[in-house]
Amino acid sequence: MWRPIRPITRDPFAVSDARSIPDSDLVFVPVRFPDHDTEAVEVRPPTNSPHKWYFKDQQQPDDVLFFKQVDSSTKPGVPRRVPHCAFKDPELPEGTGEPRMSIEVRAFVFYDED
């Protein structure tokens, strides 16, 4: 769950249509913490077909977004992840708007396979 605390006037939050991003456009990058290392997944520019991204212009605090971040399913056609990010809107002049403030809540959902 992702929700802005105040209206988003710069650096909006975008989610992808995971079906439009092939695994070949994903890059695993190291992330280092003082007590452990892990890795994150980044999206490289499209190689063949364009990626599809969506955002809500002027998103308000009551415009709550729910999305699946990761799925362990190996069923064909089920996206394993939903890339998401903030981005600089090229239609807004540089330095306009307040910094984005938001709340993010992650939940684990477990269920029996069909």
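The values are calculated or read from the model by the stated rules, or taken from the named source; none is laboratory data. Because the structure is predicted, anything quoted here is derived from the model rather than measured. Here the Cβ is made from the backbone with ideal geometry for all residues, glycine too, and neighbour counts use every protein chain on show.
General observations
- Just one of the listed residues (Ser102, Ser20, Ser49) is surrounded by 14 or more Cβ atoms within 10 Å (Cβ to Cβ), over 30 Å from Glu113 (Cβ atoms) and among the small types (Gly, Ala, Ser), namely Ser102.
- The range 1-15 - residue that is out of contact with any His (no Cβ under 6 Å at 6 or more places or on another chain) and within 18 Å of Val70 (Cα to Cα) and, of those, surrounded by the most Cβ atoms within 10 Å (Cβ to Cβ): Phe13
- Listed by first and then second residue, the pairs with beta-carbon distance under 7 Å, at least 6 apart or on different chains, first residue in the range 94-111 and modelled with pLDDT under 85, second among the charged types (D, E, K, R) and part of a strand (DSSP E or B), form an empty list.
- Scanning the range 47-71 for residues that are closer than 19 Å to Ser16 by Cβ, out of contact with any Pro (no Cβ under 8 Å at 6 or more places or on another chain) and either without any contact (Cβ under 8 Å) to a residue 12 or more places away in the chain or not in a loop (DSSP other than H, G, I, E, B) (or both) yields Trp53, Tyr54, Leu65, Val70.
- Qualifying residue in the range 25-33 (condition: under 29 Å from Met101 (Cβ atoms), assigned to a loop (DSSP other than H, G, I, E, B) and in contact with a Phe, Trp or Tyr (Cβ under 8 Å, 6 or more places away or on another chain)): no
- Positions within the range 72-86 being in a strand (DSSP E or B), modelled with pLDDT of 90 or more and not small (Gly, Ala, Ser), in sequence order: His84, Cys85
- Here Asp89 fits the description: among the acidic types (Asp, Glu), surrounded by 14 or more Cβ atoms within 10 Å (Cβ to Cβ) and assigned to a loop (DSSP other than H, G, I, E, B).
- Of the residues making up the range 4-22, those that are assigned to a helix (DSSP H, G or I) and without any contact (Cβ under 8 Å) to a residue 40 or more places away in the chain number 1.
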